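Working notes, structure below.
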Amino acid sequence: MFPLTTTKPGEKVHICSLSCSMEEAKRLRELGCVEGICAAIVSNQSNVILQVGETKLAINGNLARTILVKTT
Amino acid sequence: MSREKTIALVGNPNTGKSTLFNGLTGLKQKIANYPGVTVERKVGYAKIGGEKYRIVDLPGSYSLNPKQIDERITYQVLAGTYEHEPAPDLIVVLVDASNLDRNLYLTSQVMDLGIPVIVVLSMIDVAQDRGINVDADRISKVLGVPVIPMVAKEEREVQKLRDYISGHKVDPPKPLQWSPSEPLQKAIETLINKWIKPNTNLPERVWTIEALRFIGDDQAINLINDIKKQHQLREIVEEARRLLEESGKNYAAEEVLSRYDYIEKCTSGSVTESSEKIETISDKIDAVVTHKIFGPIIFVMILLLMFQSIFSWAEPFMNLIDLLFIETGTWVSKTLPEGILNDLLVEGVIAGLGGVVIFLPQIMFLFFFISILEGTGYMARAAFVMDGFMTRIGLHGRSVVPLMSGFACAIPGIMATRTIENWRDRIITIMVLPFMACSARLPVYAIMIAAFIPNESFLGIFTLQGLTFFGLYFLGIVTAIIAARVMKQIIKSDIPSPFIMELPSYKMPKWSGVFYNVFDRGRVFVTEAGKIILGISIVLWFLASFPRMESQNNFVAEQSVENVNEYSPDQTEQQQASNKLRQSYAGQFGQFIEPVIKPLGFDWKIGIGLITSFAAREVMVGTLNTIYSVQHEGDEQMALREKLRSDVDSETGEPIYTVWTALSLMVFFALAMQCMSTIAIVKRETNSWKWPAVMFTYMTALAYICSMLVYQVGSAIS
């Protein structure tokens, strides 16, 4: 597992763990960024843009650091 | 009397909720704020099958676990706990077909509320373009609620919803279809029995959702004000959470994960997706506009273009409005018999109205551009690109556009802060926005710099005058940044700043929506803020005109410049006006506050100017003109400049104005809250007098201290 910030654009990853605060994790899940789901990295330049299903989520870098993923 | 039925529109942001709302209600709608908060409340009426319905467009939300203040209102209304809005009789949930899972999450929560639900599947066209086909009938069967597919842009599509509502009786869906696990059910029961039943009077239908709010996160607990009660609730919640943890569940995730499990079952088989993932146009645009380097450059270019257009397009309209009101004023003053009524109409009412209407072109052009940026989906990208920098200075990515508008005028800028969703970020942006050097400060800076700053070159390429100008703009920006950082520490918020946002896909803006928005903003400004501005204008007119002098013929100078030569040279109207102003309440007040403003290097003449310039900052120059009886012949500024320089103290013979007086005055203008229109719009946008009062106090205090420092230190050095 590695933090979301270390991924490259175009990569496909599995979300493994949301190690951020409880509130932040809840928000992420509500927006579709749930543990176990597959997501694609659209861009990663200090802030990360993540494609989850049909939604594009822009995630601030500090938060992205706490999202642990693994490659598919 | 039978009450008309209420239909509430609920949905994620960007699902076409307002489009459907407009389609249902037409122009029969009322937009106002919810009492006490800056969240818009949209209510309209619609005739469906001969029956009149009240339609409420609730703030867009991702869930019923309210984080942001607008989501909290949505939850409270649906739960029936919001005092200003009863629970609806029917909920229409908008679900974005191109993003089904995420949208069904909110739907599954709404379905637990025991209120009849109709699902409207919006954006099926967008979904189809992306190769997603949704089987509405199947989803309807699995969920057990009616599902109506719709392209909200077309009128006949809205008719489908109307027909359904008038032709069917919709029952509340069966709650808890997502079948919570046993430990979660036990946890819910614990909370219901130990907290909700004994401590609240919520209707039974919302008990489960209310319990889930507490189990999921601490925020809902922190909202309980009574410390003792909060403590009691916390213990119950911890007991419930232990039940989950003992069976190896993550209490924060359990509800969300179970709901998503259920949703997945509903959509599997209902959605067919073409396997080939196409890179959409949205993706291609995003690759450029969210680029680390190109993104900010493109954003700044768009802003520059936007403000250049606002400036050059609004200018002719503003000149026209100005001319119109001056002409009307002249006409009225000539037509009506001289006297108080004439003066009140011309200098109070007409000038005051002119002061209101003059802002309209800028406001409407700014909102034209903002509506387009919002409508296309670019605004979210701009906020994303600027967020890093803005967060560092204590603001939000979305604060950029309002702050930049502040360089033209604070009024449209403050109105534009509506695009900032987070309440705290919005308040802080509003509170620091008037530090941006607006165009009304220019005339004051110009006259003072021309009169007192030597036109010497500095380091070869710069002039001292130019540097002073730059310094004043810079001072405003730096102060705004510092103030924002300080306020971030002071204004605590239970809502975490948005760290995550959705980037909606690009689309053409809906032009009817854009123009509706533009005219609505204009209307709101004129009717709401206009009242206050007009009122203060009349008060200021009164202060500057009374008590009246004995002498005859004392009407204001500007209106009869041509006739100056008919009077004897030492009895010009300008001097009459000057005497009139000196003896007025404003004049007396200026002299009264002289001891207070003395440490800043200001005398009573500037004191008068400080009071009258509250109508608009540039009035300062006009007031000084009047006081110094500057004749309107030749170069006005040149004449005033000379008068200011040569004014000497009658006792000591020293010049009254020095470089340090001028600098002190400019610093005061840069920092002080010298604008009633801003106060009025802050009142309107925050819905209370508290924030304008805080703004006036802290800005003016800051200005006072800084000006005093400049003057005292400066004078001591020289």
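Scan the stretch B:43-63 and tell me whether some residue there is over 22 Å from B:Glu210 (Cα atoms), within 14 Å of another protein chain (Cβ to nearest Cβ) and surrounded by 20 or more Cβ atoms within 10 Å (Cβ to Cβ). The answer is no, given that none of the residues of the stretch B:43-63 is over 22 Å from B:Glu210 (Cα atoms), within 14 Å of another protein chain (Cβ to nearest Cβ) and surrounded by 20 or more Cβ atoms within 10 Å (Cβ to Cβ). Restricting the stretch B:81-118 to residues that are touching a strand residue (DSSP E or B) at 6+ places or on another chain (Cβ under 7 Å) and among the polar types (S, T, N, Q), the residue that is farthest from the other protein chains (Cβ to nearest Cβ) is B:Thr107. Applying the set (1) surrounded by 15 or more Cβ atoms within 10 Å (Cβ to Cβ); (2) away from chain A (no Cβ under 14 Å) to B:Glu456 leaves exactly one unmet item: (1).
Can you pull out the helices (runs of 4 or more DSSP H) entirely within the stretch B:397-505 that have at least 2 residues that are in contact (Cβ under 8 Å) with a residue 24 or more places away in the chain and under 24 Å from the mean Cα position of the chain (by Cα)? Let's see the steps before the verdict.
Details: elements: B:400-405, B:410-416, B:423-432, B:442-452, B:464-490.
Qualifying helices (runs of 4 or more DSSP H): B:400-405, B:410-416, B:423-432, B:464-490.
Does at least one position in the stretch B:323-343 carry a residue that is within 30 Å of B:Ile124 (Cβ to Cβ) and surrounded by 15 or more Cβ atoms within 10 Å (Cβ to Cβ)? No, because not a single residue in the stretch B:323-343 is within 30 Å of B:Ile124 (Cβ to Cβ) and surrounded by 15 or more Cβ atoms within 10 Å (Cβ to Cβ).
Restricting attention to the stretch B:74-97 and to residues that are farther than 20 Å from B:Glu204 by Cβ and surrounded by 22 or more Cβ atoms within 10 Å (Cβ to Cβ), the residue that is nearest to the chain's Cα centre (by Cα) turns out to be B:Thr74.
I'd like to know if the stretch B:119-131 contains one or more residues that are surrounded by fewer than 15 Cβ atoms within 10 Å (Cβ to Cβ), within 14 Å of another protein chain (Cβ to nearest Cβ) and in contact with a helix residue (DSSP H, G or I) (Cβ under 9 Å, 6 or more places away or on another chain). Checked the stretch B:119-131: at least one residue is surrounded by fewer than 15 Cβ atoms within 10 Å (Cβ to Cβ), within 14 Å of another protein chain (Cβ to nearest Cβ) and in contact with a helix residue (DSSP H, G or I) (Cβ under 9 Å, 6 or more places away or on another chain).
The residue list B:Lys174, B:Lys186 contains one member that is outside the structural domain of B:Val119 (by TED's automatic domain parsing) and in a loop (DSSP other than H, G, I, E, B), which is B:Lys174. For the stretch B:98-109, a residue qualifies if it is within 30 Å of the chain's Cα centre (by Cα) and over 24 Å from B:Gly131 (Cβ atoms), and exactly one does: B:Leu106. When B:Leu503 is tested against (1) within 25 Å of B:Pro692 (Cα to Cα); (2) surrounded by 18 or more Cβ atoms within 10 Å (Cβ to Cβ), exactly one condition is not met: (1).
Could you tell me whether B:Pro35 is within 29 Å of B:Glu204 (Cα to Cα) and modelled with pLDDT under 75? Spell out how you get there, then give the answer.
On the way: within 29 Å of B:Glu204 (Cα to Cα): yes; modelled with pLDDT under 75: yes.
For B:Pro35, the condition - within 29 Å of B:Glu204 (Cα to Cα) and modelled with pLDDT under 75 - is met.
Within the set B:Leu304, B:Leu373, the sole residue that is more than 20 Å from B:Val526 (Cα to Cα) and under 19 Å from the mean Cα position of the chain (by Cα) turns out to be B:Leu373. Among the residues of this structure, B:Lys334 does not count as one that is closer than 18 Å to B:Val400 by Cα and over 25 Å from the mean Cα position of the chain (by Cα).
In the set (1) more than 23 Å from A:Glu24 (Cα to Cα); (2) away from every other protein chain (no Cβ under 14 Å); (3) of a type outside the set (Phe, Trp, Tyr); (4) without any contact (Cβ under 8 Å) to a residue 12 or more places away in the chain, the condition left unmet by B:Asn199 is number (4). The listed residues are B:Arg485, B:Arg521, and the only one of them that is buried (at least 19 other Cβ atoms within 10 Å of the Cβ) and away from chain A (no Cβ under 14 Å) turns out to be B:Arg521.
Here B:Ile115 qualifies as in contact (Cβ under 8 Å) with a residue 60 or more places away in the chain, surrounded by 15 or more Cβ atoms within 10 Å (Cβ to Cβ) and within 24 Å of B:Ala87 (Cβ to Cβ). Restrict the check to the stretch B:366-377 and report whether at least one residue is within 14 Å of chain A (Cβ to nearest Cβ), crowded, with 18+ Cβ neighbours inside 10 Å and farther than 23 Å from B:Trp541 by Cβ. Yes, the conditions are met somewhere in the stretch B:366-377. Residue count for the stretch B:566-589, restricted to those that are modelled with pLDDT of 70 or more and farther than 21 Å from B:Lys643 by Cα: 5.
How many of the residues making up the stretch B:381-417 are of a type in the set (Ser, Thr, Tyr) and either within 14 Å of chain A (Cβ to nearest Cβ) or surrounded by fewer than 24 Cβ atoms within 10 Å (Cβ to Cβ) (or both)? Full working, then the answer.
Initially, the stretch B:381-417 is screened for residues of a type in the set (Ser, Thr, Tyr), giving B:391, B:399, B:405, B:417.
Applying the additional criterion that residues be either within 14 Å of chain A (Cβ to nearest Cβ) or surrounded by fewer than 24 Cβ atoms within 10 Å (Cβ to Cβ) (or both) yields B:391.
Residues in the stretch B:381-417 being of a type in the set (Ser, Thr, Tyr) and either within 14 Å of chain A (Cβ to nearest Cβ) or surrounded by fewer than 24 Cβ atoms within 10 Å (Cβ to Cβ) (or both): 1 in total.
Among the candidates B:Val126, B:Val145, the residue that is β-branched (Val, Ile, Thr), over 21 Å from B:Asn65 (Cα atoms) and under 35 Å from the mean Cα position of the chain (by Cα) is uniquely B:Val126.
Is there a residue being over 13 Å from B:Gly601 (Cβ atoms) and either buried (at least 23 other Cβ atoms within 10 Å of the Cβ) or touching a Phe, Trp or Tyr at 6+ places or on another chain (Cβ under 8 Å) (or both) anywhere in the stretch B:704-714?
In the first step, residues of the stretch B:704-714 are kept if they are over 13 Å from B:Gly601 (Cβ atoms); the result is B:705.
Next cut, either buried (at least 23 other Cβ atoms within 10 Å of the Cβ) or touching a Phe, Trp or Tyr at 6+ places or on another chain (Cβ under 8 Å) (or both) only: none.
Within the stretch B:704-714, not a single residue is over 13 Å from B:Gly601 (Cβ atoms) and either buried (at least 23 other Cβ atoms within 10 Å of the Cβ) or touching a Phe, Trp or Tyr at 6+ places or on another chain (Cβ under 8 Å) (or both).
Take the conditions (1) part of a loop (DSSP other than H, G, I, E, B); (2) surrounded by 16 or more Cβ atoms within 10 Å (Cβ to Cβ); (3) out of contact with any Ser or Thr (no Cβ under 9 Å at 6 or more places or on another chain); B:Lys194 misses just one of them, which is (1).
The values are calculated or read from the model by the stated rules, or taken from the named source; none is laboratory data. These numbers come from a predicted model, not from an experiment. Here the Cβ is made from the backbone with ideal geometry for all residues, glycine too, and neighbour counts use every protein chain on show.
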